[in-house]
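S.K.: Got a structure for you, questions after.
The values are calculated or read from the model by the stated rules, or taken from the named source; none is laboratory data. Everything numeric here is computed off the predicted structure, so don't read it as measured data. Neighbour counts run over all protein chains shown; Cβ positions are idealised from the backbone, glycine included. All accessible areas refer to the heavy atoms of the entire protein, side chains included, with ligands and DNA or RNA removed. Shrake-Rupley method; radii C 1.70, N 1.55, O 1.52, S 1.80 Å.
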Amino acid sequence: MSIYKTAINKPVTTILIFVAVIIIGIFSFLRLPIDQFPEMDPPYITVMTTYPGASASEVETNVTRLLENSLNSVDGLKKLTSTSKDNMSIVMLEMEWGTNLDEVINDVRSYIDMTKDNLPSGCSNPFIFKFSSSSMPILQYAIMADESYPGLDKLLNDDVLPQLNRVDGIGNLSLSGSPERYVYIDINQEKLDAYHLSLEAVGQAVSNNNLNLSSGTVKMEKEQYQLQVRSEYIESSEINNIVVTTTPDGKQVYVRDIAVVRDTIKDLTLDEKTNGRESVRLIVTKQSGANTVQICKDVQAEMAKIQKRLPSDVKIDVIYDSSDYIKNAVYSLEESIMYALIFVVLVVLFFLGKWRATLIIGLTIPISLVVSFIYLLFVDSSLNIISLSSLTVAIGMVVDDAIVVLENISKHIDRGSNPREASIYATNEVWTSVIATTLVIVAVFVPLTMLDGMAGILFKELGWIVTIVVCTSTLVAITLTPMLSSKLLKPHKVHVDENGQIVEEIVKRDWYQKYVVGLLDKVDAWYAKVLHICLNHKAVTLIVVVVIFLASLIPAFMGFIGTDFMQQGDNGRLSVKVELQRGTRIEETLKTARLLETRFQVLVPEIKMINTSAGSNDEAEANVSAIFSSTTNNKISMTVVC
């Protein structure tokens, strides 16, 4: 027994199967995360190494070149690039697409271990990082304060970051430009010479008295105690009372005799300002596969609670929120899909003129679309611009097969068959043609699933979703559509006349028959005339078609249509990069930054926020945020929000 006969003979089973599909699809839809693009894991590996206090040229000579020479031997390496800047070396390895990055990371770690002993003593252990789209910052905050600014670093690390780490899906939280507490010992060189002391002797004396040491155990009767010598400084003033040396006449020389101890914040190396005020930048990243929109929403809610507990002079502003752009893009696509669904149903209603037939066709759309949500959940993907655009492309195709089947069923009913027989015989006539049509569409979109590289990552979903949706629509067209047609469509009313003949009752012409059918008949007549002319003038018709085709290629070949990887969007943010002469002091760089901020505010009064970053941290940590920071002592990075 064929599939359509089984569906017609077992309507309850057929309905329950598709109801189950809809329920699973809705469940999948509710579980899907929302993101801008599919998660991408390009074949890039980054090795970051910090060398505090070193200039860019010193980093290149002593760190970057050693790592480059070692990592050049990694198997599958396509391209190796490096960036050396103050305090940090970044070496990026581009591998061939399809390379197993986990194995490559093991090789990279082995080569780094062989080079580690040759790196400078003050250099950190190289940090290996596998790049993916989930490591991109999803939120950036500017945290400003007035009186509380010197203690802002401790406030953020003790109160803010632990609270935000509780949010589900948070990957990494990092701070940039926070005022770190430093204790400076300003030594008087003349007094140092007078006591015949070296700088190393003072440093040795200070460090030797700043230790916590384990001193063994003491056993007393039935108990045992751990002993510790606690000599770490509690207050900076204790450093003044450290004995550096003893003179030949027995006089003790203290730190206070040769130096001044200052307990303050770190000297300026990295400057962060928001609207001219001192600020700290908080960068938030997510875990792989987490819901970007939901995380941003949860972090915003948590940050609102934290704001209430902070000192009154601490203000938190959003520099960048990726969820805003994602929601605008995704919700506009969802709106487009809804409009497309409505217009498809209206067009079908316009041409068929029967609400029952329109209902049958309309059911094809949601059933076909929800199957795509099951696929997205199965492959751990998300609702993103690519997946929703795929549904927009497919929504017009899903009704084609159902319309063909339904139209043939209606034709058999018009000829006098009852709906059940018409559904069986009509579907039998066209179901192979319907499948053939679907296979043609599949043949077009399946090759997209075989692409590699960045295009493959982006368009693989497009190929699979369109393929799955049109195949589902075909299955619906040859099962659910004939079953519903056998139940919902009405046969023509007939009666037996006085002569015993079966006569079809004359149906009263309604407004649809009078106006819409009349209009469609006129269109048919006009099309018949145009077709007659084309058939009688075949050469002219072919020439016109070829000319139109060639004319359509002119804009592309003449360069009037540009090419780009991704269409540029306007998200109300502007990034400004300024590079001054190499070797410029940070103080001079900041003067230029203040002039630019003032000029921008004068030229564009509508600016809501200007966040400026300049300089580099001489004790930078090797973390994800360091990759996205391009500032040095002579470089300025500005984010302008309108």
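S.K.: Could you tally the net charge around residue 291, taking each other residue with its Cβ under 10 Å from the Cβ of residue 291, Lys/Arg +1 and Asp/Glu -1? If you can, show how the numbers build up before the last one.
M.R.: Values: positive: 31, 286, 297; negative: 35, 168, 298.
Computed value for this residue: 0.
S.K.: So, with a 1.4 angstrom probe, what is the percent of accessible area on the chain that is carbon and sulfur? Could you put the intermediate results ahead of the total?
M.R.: Values: 20910 of 36540 Å².
Roughly 57 percent, rounded to a whole number.
S.K.: Across segment 636-642, in residue order, what do the Karplus-derived ³J(HN,Hα) couplings come to in whole Hz, using 6.51 cos²θ - 1.76 cosθ + 1.60 with θ = phi - 60° and x for Gly and Pro?
M.R.: 10, 10, 10, 10, 10, 10, 9
S.K.: Right, next: Can you tell me the orientation of helix 199-208 relative to the chain, as the angle in degrees between its alpha-carbon axis and the longest Cα principal axis, to the nearest 10?
M.R.: The helix 199-208 is inclined about 70 degrees to the chain.
S.K.: A further question on this structure: Helix-only estimate, please: 222 nm mean residue ellipticity of the chain, summing -39500 (n - 2.57) across DSSP H runs of length 4 or more and dividing by its residues, to the nearest 500.
M.R.: Values: 22 runs with 306 residues, N = 642.
Here the helix-only value at 222 nm equals -15500 deg cm²/dmol.
S.K.: OK, next. So, by mean Cβ neighbours within 10 angstrom, what's the order for 139-146, 272-279 with the highest one leading? Mind showing how you got there, number by number?
M.R.: Working: 139-146: 22.0, 272-279: 19.6.
The most tightly packed comes first, giving 139-146, 272-279.
S.K.: Additional query: Rounded to whole Å and sorted largest first, list the principal axis extents of the Cα atoms in segment 342-391.
M.R.: 42, 17, 9
S.K.: Give the Kirkwood hydrodynamic radius (Å, one decimal) of segment 329-419, defined as one over the mean of 1/r across all pairs of different Cα atoms. Write out the running numbers ahead of the final one.
M.R.: Working: mean 1/r = 0.0691 Å⁻¹.
Final number for the Kirkwood radius of segment 329-419 is 14.5 Å.
S.K.: Calculate one ³J(HN,Hα) per residue across segment 118-133 by plugging θ = phi - 60° into the Karplus curve 6.51 cos²θ - 1.76 cosθ + 1.60, and present them in order as whole Hz with x for glycine and proline.
M.R.: Coupling constants for segment 118-133: 8, 6, x, 5, x, 7, 7, 5, x, 9, 9, 9, 8, 7, 8, 5 Hz.
S.K.: Next question, about the same structure. Note down the net charge around residue 362, summing +1 for each Lys or Arg and -1 for each Asp or Glu among other residues with Cβ under 13 Å from its Cβ.
M.R.: Numbers: positive: 354, 356; negative: none.
Charge balance near residue 362 sits at +2.
S.K.: Where does segment 367-450 land on Rg(C-alpha)/(2.2 N^0.38 Å)? Could you put the intermediate results ahead of the total?
M.R.: Working: Rg = 16.7 Å, N = 84, 2.2 N^0.38 = 11.8 Å.
Cα Rg divided by the expected 2.2 N^0.38 Å: 1.41.
S.K.: Let me see the P(r) profile for segment 93-140: every Cα-Cα distance counted, bins of 5 Å, each bin given as a percent of all pairs.
M.R.: It works out to 4, 15, 22, 19, 15, 13, 9, 2, in whole percents.
S.K.: Apply the Karplus curve 6.51 cos²θ - 1.76 cosθ + 1.60, θ = phi - 60°, to the phi angles in segment 309-317 and return the couplings in whole Hz, x for Gly and Pro.
M.R.: Working through the residues one at a time gives 8, 7, x, 5, 7, 8, 10, 10, 10 Hz.
S.K.: Which links in 354/514; 79/286; 78/116; 273/305; 154/635; 191/251 stretch past 20 Å when you go from one Cα to the other?
M.R.: On the way: 354/514 14 Å; 79/286 28 Å; 78/116 24 Å; 273/305 24 Å; 154/635 28 Å; 191/251 15 Å.
From 354/514; 79/286; 78/116; 273/305; 154/635; 191/251, over 20 Å: 79/286; 78/116; 273/305; 154/635.
S.K.: Okay, moving on. Give me the angle, in degrees from 0 to 90, between the Cα long axis of helix 419-445 and the longest principal axis of the Cα atoms of the chain, rounded to the nearest 10.
M.R.: The angle comes out at about 40 degrees.
S.K.: How high is the relative contact order of the chain, in percent, with contacts defined as C-alpha pairs under 8 Å that are six or more residues apart?
M.R.: Averaging sequence separation for qualifying contacts and normalising by length gives 19 percent for the chain.
S.K.: A follow-up question, please. Test of understanding: express the Cα radius of gyration of segment 137-248 as a ratio to 2.2 N^0.38 Å, with N the residue count. Don't jump to the answer; show the numbers that get you there.
M.R.: On the way: Rg = 21.9 Å, N = 112, 2.2 N^0.38 = 13.2 Å.
That ratio works out to 1.66.
S.K.: Quick check: from the Cα gyration tensor, does segment 213-298 come out rounded (a/c under 1.5), prolate or oblate? Numbers along the way, then the final one.
M.R.: Values: a/c = 5.08, a/b = 1.46, b/c = 3.47.
Judged from the Cα gyration tensor, segment 213-298 comes out oblate (a/c at least 1.5, b/c at or above a/b).
S.K.: Listed highest first by mean packing, meaning other Cβ atoms within 10 Å per residue, what order do 479-491, 193-205 come in?
M.R.: Numbers: 479-491: 21.6, 193-205: 13.2.
Packing order, densest peptide first, comes out as 479-491, 193-205.
S.K.: Let me ask something else about it. Calculate, for the chain, the solvent-accessible area per residue in square angstrom, rolling a 1.4 angstrom probe over the heavy atoms of the protein chains. Don't skip to the answer; put the middle values down first.
M.R.: Numbers: 36540 Å² over 642 residues.
Computed with neighbouring chains in place, this is 57 Å² per residue.
S.K.: A further question follows. Farthest toward the dipole's positive end in the chain, which of 136, 479, 357, given Cβ charges of +1 (Lys, Arg) and -1 (Asp, Glu) about the Cα centre?
M.R.: After comparing all options, I get 357.
S.K.: Based on the alpha-carbon gyration tensor of segment 180-331, what equivalent-ellipsoid semi-axes (square roots of 5 times the eigenvalues) come out, in whole Å, largest first?
M.R.: On the way: eigenvalues 490, 145, 36 Å².
With the √(5λ) rule applied to segment 180-331, the semi-axes are 50, 27, 13 Å.
S.K.: Quick one: pull the percentage of alpha-carbon pairs in the chain with a separation above 37 Å.
M.R.: Working: 121514 of 205761 pairs.
Counting every Cα pair in the chain, those more than 37 Å apart make up 59 percent.
S.K.: Okay, next question. Based on alpha-carbon centroids, what's the gap between segment 1-51 and segment 228-302 in Å, whole number please?
M.R.: 50 Å
S.K.: Putting +1 on Lys and Arg Cβ atoms and -1 on Asp and Glu Cβ atoms, find which of 280, 244, 269 reaches farthest to the positive end of the dipole of segment 242-290.
M.R.: In segment 242-290, that residue is 280.
S.K.: Can you list the residues, at least 5 places off or on another chain, whose amide H is less than 5 Å from the amide H of residue 96, using H built in the peptide plane?
M.R.: 78
S.K.: Multiply the residue gap between residue 72 and residue 172 by 0.36 nm, knock off their C-alpha separation, and tell me the result in nm, one decimal place. Kindly include the intermediate steps, with their values, before the conclusion.
M.R.: Details: separation 100, 0.36 × 100 = 36.00 nm, distance 3.02 nm.
So the extension gain works out to 33.0 nm.
S.K.: What do you get for the angle between helix 538-557 and the principal long axis of the chain? Use alpha-carbon atoms, 0 to 90 degrees, nearest ten.
M.R.: Approximately 10 degrees, to the nearest 10.
S.K.: Go through 164-175, 467-478, 364-375, 432-443 and give me the packing order, highest mean Cβ count within 10 Å leading.
M.R.: Numbers: 164-175: 16.7, 467-478: 24.0, 364-375: 22.1, 432-443: 15.0.
By packing density, highest mean first, the sequence is 467-478, 364-375, 164-175, 432-443.
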